[in-house]
Amino acid sequence: MPVIGIRGELTTSLFLPDGNFLYSETIENRIVNNGIKLTTKVVAGLDPRIIDHIQIGVGGQNYQQLVDAETGALLFDTLGNPIMGNVSRPIGDGDENLFTFYAETSEITSSSATGTFTISANFNIPFDVPVNEAGMFSGSQAGSPMMFAKQAFSDTIKMWENRRNATLSTVTGTYIVLNISWRIFFGRDPQHESLYDQDLGIVASEATDRYIPG
Amino acid sequence: MSENIPAGNRRQEDYLKNPPVAIVPETTVKYSEHVGKVGPTATGFSDSLGVSGCLIITHKDKDGNVKHSETLENVITYTGLKHIAMVVSGVSILPFRYIWLGTGGRDPLNPTELLPPDPSNATLVTFYSEGIAVTSFVEVLNNVDRGYQAIARYAYTFDFTELVHINEACIAVDSHAVTGTPILNRRTFYDRVMQPLDFLEIVWEISFTRYPKDKVT
């Protein structure tokens, strides 16, 4: 059975106001149930909304005791004290909003190539605000928009401090620029073709027709 | 294993012995592996959705008696994928609205065989008729394997005034008269021999759902 996949990833990049690059990370996103619903309705002409806003928030991480990635056991230092740290919060399929909204913009650049669409936006973030989550939405927060996808990431204070300590000695200004570039891919997916075939109990066909646009 | 095993089963055996493991490049991180981690993450994605289509064809005579009914899968086309991206991002404001029927589903070099639909198909081979579908939306909140599932349902009933052999269909953005209209999918099938006054009911369900093994636990 031909299998089509929709998936997304976002790149968060941090810049100084003068344009100097500080840090960047890329991570897959979570397309939530409302995103599936909106896509289906838009394709069938049953909903006129489009993805035209990016929201950012400050609730994407919890400060809590860390766990061993392999065993799941709580971590302690040699003195028996809990080892604490910021941990990304899991995204639920049914999430409809960011954990803690901070700002939004519709000043995004949007493009659609062969089966890929990308939206990108810049936010000016004060040094002391830990932005650590983002979402794609179908309108302004005031209008109860539908969230398409969401993700939590390393907070901007951490990104900024790591970079400043490493290479920068003096910086002027009161804010840094967070660029979020979000890409949604529509394509044939051999990875999931095999998963489907396993579930159906039939042999995976050669997955050579991969179509990764853009 | 024995050489007497049918080809299909032999492939199944090979598959079980050597399951495909090199699926995700080493530099990628699955979403579920990222949760709970601190700091930068690598490029990659594992959260994804599946799109599939199911075509239900019902052939009725002039009195409404069902002559034939069948349910078929379809092939989602590249132009369909591209247009989905365009409407979701607002680059296009035109949804998929039309159902097209055609008579070019057979292989002209071997008329007893169907031409299999291909993702690169951009139109029907031989267009015959079209209709603006009635669309509706259905959601399944607790699909056993996949959680949430959203379905767009297209329906249209064609009537006929002449004898014609219908054997291909697709969903399209616009009328066939509009040059370059993207199609979402395509399916060929064995001829439905439509007599004058017969009806052909088309119900096409396009389903968006999660892959069963991608749910974060």
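The values are calculated or read from the model by the stated rules, or taken from the named source; none is laboratory data. Bear in mind the structure is a predicted one, so any value in this text is a computation, not a measurement. Cβ: placed from backbone, ideal geometry, glycine included. Neighbour counts: every protein chain shown. Protein only, heavy atoms only, side chains kept; ligands, DNA and RNA dropped before computing areas. Shrake-Rupley method; radii C 1.70, N 1.55, O 1.52, S 1.80 Å.
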Could you look through region B:144-174, keep only residues that are farther than 17 Å from A:Val43 by Cβ and open to solvent by less than 20 Å² (accessible area, probe 1.4 Å), and pick out the one that is nearest to the other protein chains (Cβ to nearest Cβ)? B:Gly147
For region A:129-152, what are the residues that are in contact (Cβ under 8 Å) with a residue 24 or more places away in the chain and surrounded by fewer than 24 Cβ atoms within 10 Å (Cβ to Cβ)? A:Val129, A:Pro130, A:Ser138, A:Gly139, A:Ser140, A:Gln141, A:Pro145, A:Met146, A:Met147
In region A:55-78, is there at least one residue being among the small types (Gly, Ala, Ser), surrounded by 15 or more Cβ atoms within 10 Å (Cβ to Cβ), at pLDDT below 90 and in a strand (DSSP E or B)? no
Per the list (1) open to solvent by 60 Å² or more (accessible area, probe 1.4 Å); (2) over 19 Å from A:Phe186 (Cα atoms), residue check on B:Tyr78 breaks on (2)
Take region A:148-159 and flag every residue that is touching a Leu at 6+ places or on another chain (Cβ under 8 Å) and either acidic (Asp, Glu) or away from chain B (no Cβ under 11 Å) (or both). A:Thr156
From A:Asn97, A:Asn81, A:Asn86, A:Asn122, which residue is open to solvent by less than 70 Å² (accessible area, probe 1.4 Å) and over 30 Å from B:Ile76 (Cα atoms)? A:Asn86
Identify all residues within region B:175-195 that are open to solvent by less than 50 Å² (accessible area, probe 1.4 Å) and aromatic (Phe, Trp, Tyr); write none if there are none. B:Phe189
Evaluation of A:Leu98 against (1) within 21 Å of B:Thr209 (Cα to Cα); (2) of a type in the set (A, V, I, L, M, F, W, C); (3) away from chain B (no Cβ under 11 Å) (one fails), failing number: (1)
In region B:91-118, anything open to solvent by 20 Å² or more (accessible area, probe 1.4 Å) and in contact with a Phe, Trp or Tyr (Cβ under 8 Å, 6 or more places away or on another chain) is listed as B:Val91, B:Thr103, B:Leu114
Please tell me if B:Thr161 is in a loop (DSSP other than H, G, I, E, B), farther than 30 Å from A:Gly94 by Cβ, of a type in the set (Val, Ile, Thr) and in contact with an Asp or Glu (Cβ under 9 Å, 6 or more places away or on another chain). no
B:Leu101 - would you say it is of a type in the set (A, V, I, L, M) and over 25 Å from A:Phe137 (Cβ atoms)? yes
For region B:164-196: of the residues being of a type in the set (Ser, Thr, Tyr) and in a strand (DSSP E or B), which is farthest from B:Lys67 (Cα to Cα)? B:Thr188
Of all residues making up region A:37-54, the number that are at the interface with another protein chain (Cβ under 7 Å from one of its Cβ atoms), without any contact (Cβ under 8 Å) to a residue 24 or more places away in the chain, of a type outside the set (A, V, I, L, M, F, W, C) and surrounded by fewer than 20 Cβ atoms within 10 Å (Cβ to Cβ): 1
Within region B:122-143, restricting attention to residues that are more than 12 Å from every other protein chain (Cβ to nearest Cβ) and in a loop (DSSP other than H, G, I, E, B), which residue is most open to solvent (accessible area, probe 1.4 Å)? B:Val125
Restricting attention to region A:16-31, does a residue exist that is of a type outside the set (D, E, K, R), assigned to a strand (DSSP E or B), open to solvent by 20 Å² or more (accessible area, probe 1.4 Å) and more than 11 Å from every other protein chain (Cβ to nearest Cβ)? yes
